[in-house]
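Structure record follows, encoded as structure tokens.
The numbers here are math on the coordinates, done by the rules we state, and not lab data. From a predicted model like this one, the values you see are computed outputs, not experimental measurements. Please note: Cβ atoms are built from the backbone with ideal geometry, for glycine as well, and neighbour counts cover all protein chains shown.
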Amino acid sequence: MLEDLLSANRRYAAGFALAGLPARAAKGIAIVTCMDTRLEPLAMLGLAPGEAKILRNAGGRVTNDVMRSLALATHFLGVEEVVVLQHTGCALAHEQDAVVAERLAADGVASPEAVDWLAMPDPDEALHADVERLRTSGLLPPATRVEGWRYDIVDGSIARIVTA
């Protein structure tokens, strides 16, 4: 598979059209979302390359690295609005960290309890907490608008759960 990816990249590079695209987010938006392959952030929001900063991780959670990245994006790269975009059917939804750690230990992961897996026993509560963490962090400019949305993997719709 790795060779297939490199071959595909050679074809991509031969017709590369994004050279010169500015580093700033042209639409002033950053999206924090899940790494789930069923999510296509640019397509599902009508965005094009260069218009938004996309940060992805398991669960679309606001981690320390997301905080670091958004601080830089809002202060240096033109981001004025942030959406935390989680989704239905997430593997971390309705789970507990202890259960995730047990499953990983059963797969041979050494010391899985040493990591905060950010499971979401209550997905709405987790989304509210993530938005609040950003809003109160002191890392983003005070005027930064932050909302929490949920993408439905069944019909492709988005619901605003936490508004500005």
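Using DSSP to call loops (not H, G, I, E or B), can you name the chymotrypsin sites (Phe, Trp or Tyr not before Pro) in the range 14-118 whose Cβ has at most 14 other Cβ atoms within 10 angstrom?
Sparse-neighbourhood loop chymotrypsin sites (Phe, Trp or Tyr not before Pro): 16.
So how much slack lies between residue 18 and residue 105, counting 0.36 nm per residue of separation and subtracting their Cα-Cα distance, in nm?
27.0 nm
Using unit Cβ charges (K, R positive; D, E negative) and no other charged atoms, how large, in debye to the nearest 20, is the dipole of the chain about its Cα centre?
Dipole magnitude for the chain comes out near 820 debye.
Test of understanding: in a Gaussian network model of the chain with alpha carbons linked when under 10 Å, which of 28, 20, 89 would top the mean-square fluctuation ranking?
Of 28, 20, 89, the Gaussian network model singles out 20 as fluctuating most.
Convex hull over the Cα atoms of the chain, averaged projected area in nm²?
On the way: hull surface 46.7 nm².
Approximately 11.7 nm², given one-decimal rounding.
Count the net charge of all other residues whose Cβ sits under 15 Å from the Cβ of residue 65, scoring Lys and Arg as +1 and Asp and Glu as -1. Spell out each step's value before the answer.
Values: positive: 53, 56, 61, 68, 133; negative: 116, 130.
Taking every other residue near residue 65 into account, the sum is +3.
With label points built 7 Å along Cα→Cβ from the Cα atoms of residue 160 and residue 114, find their separation and express it in nm.
Result for the modelled spin labels: 4.4 nm.
Using a Gaussian network model of the chain with C-alpha springs under 10 Å, which one of 25, 73, 48 is most mobile by mean-square fluctuation?
48
Which residue fluctuates the most in the chain, going by a Gaussian network model with Cα springs under 10 Å, if the choices are 66, 100, 154?
Looking only at 66, 100, 154, the largest GNM fluctuation is found for 154.
Based on DSSP, what percent of beta bridges with both residues in the chain are antiparallel, to the nearest 5?
Beta bridges within the chain, antiparallel portion: roughly 15 percent.
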